[in-house]
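Let me begin by presenting the structure, written as structure tokens, before commenting on it.
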Amino acid sequence: MDNVSSSILTFDKLTELNLSIPDYQRPYVWELKQVKKLIESINKDEKLLGSIVLYKNNDTYEIIDGQQRLTTIKLILKALDKNNKFLENAKYYHQISHIKIKQNYEYIQKYLKQNNNFYDKLQNTNFICISTNDIKRAFVFFDNINTKGKKLENYDLIKAYWVLNTNNDLINYYVKKYNDFIEDGKKHEHPTYNGVIYNNYFQYFLKNIAMIRGSMREYNKNYQDINIIDEYCKITPFSAGLNINNINASFTNGVSFFAWVKKHYENTKLIAKSDFISKFQKLYVNNNLYHYTIFVLIVYLDKFPDGDFNKIARMIVRITYYRAINKFFFKRRCKIHNPNHFKLKYRRRINL
């Protein structure tokens, strides 16, 4: 196969391929309504079940697009006790994949008990198959496909880029950690920045660290609109000796990128758990102020990992807190008899 090819694959030909689901793919998330729609199409003797995009990696075909549909077909075959080798090497690490697989498999089992000739209909189906052996083209396909319909988040595309550009056994470990951070980010309150609401704290984290990296390169430039895909998706083959623990590190491959993310995201958790910052968060004077303090402390930990964290945290909170209070009282010209008394009252509450 030379770069890109397209063909019509019969069901039998499809099941002969050694297919795998790459780590950069999102979890299996199909709901019952999507499973029912696929089953209905097969039951109606529809010959074409859509398109799939594959990347040929030696003797394996990695599924770039179509993994939701193909995983559902795997569940159908399992329920029919047919062709158990189809997608036999597929691994589903995510908890939501396990939940959806169990839920959909139970439905499929019940449905197939009442449809004896379903396998014959499935064997008559075909797929449009687009395949490539060019890793760069595979990423372009992945990116383009996911800009239609339900778009993948930037953190998914960043993950895909680095997985596609890495050949290292450690990649599975780091991708699993990266996926854990994405799920952890969904549990946080949704932070806002410049009027933009971030539905995932992890994406907010990547955006803010990207701005910090940009400001380190050019201090006076405004990096609020920085494109995080451009910031993170670039390879520096010969890094200039930058330690991956540094915020402004360059990346030679996916392992260096994911290890860097792991280090700094875990630092945010470490900071947030400290007694002083927890007390500050409970005061909840300003959501943006709290998150700003977290990222300033990340920079501090980057430069002084063995420094007096609590002392610096107290100092940073005091400075940022007073800046916010002064802005509120003086720039907006709020009429209050003794603004210093108000500031002192809240200062005592967090023991500044």
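The values are calculated or read from the model by the stated rules, or taken from the named source; none is laboratory data. Since the model is a prediction, treat every value here as computed from it, not as a measurement. Note that we place each Cβ from the backbone using ideal geometry, even for glycine, and neighbour counts take in every protein chain shown. We work out accessible area using only protein heavy atoms, side chains counted, and drop any ligands, DNA or RNA first. Shrake-Rupley method; radii C 1.70, N 1.55, O 1.52, S 1.80 Å.
Summary table
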{"read-out": "Computed E for K273/L80 - FRET, C-beta separation, R0 56 angstrom, nearest 0.05", "value": "0.65"}
{"read-out": "Efficiency of FRET between N3 and T236 - r from beta-carbon atoms, R0 35 angstrom, step 0.05", "value": "0.85"}
{"read-out": "Relative contact order (percent, whole number), region 1-108, Cα cutoff 8 Å, 6+ residue spacing", "value": "37"}
{"read-out": "Portion, in percent, of the accessible area of region 1-79 that falls on carbon or sulfur, probe 1.4 Å", "value": "43"}
{"read-out": "Computed accessible area, Y155, all protein chains, 1.4 angstrom probe, square angstrom", "value": "20"}
{"read-out": "Given K56/K269; K159/K187; K56/K113; K91/K262, the pairs whose alpha carbons are separated by over 32 Å", "value": "K56/K269; K56/K113"}
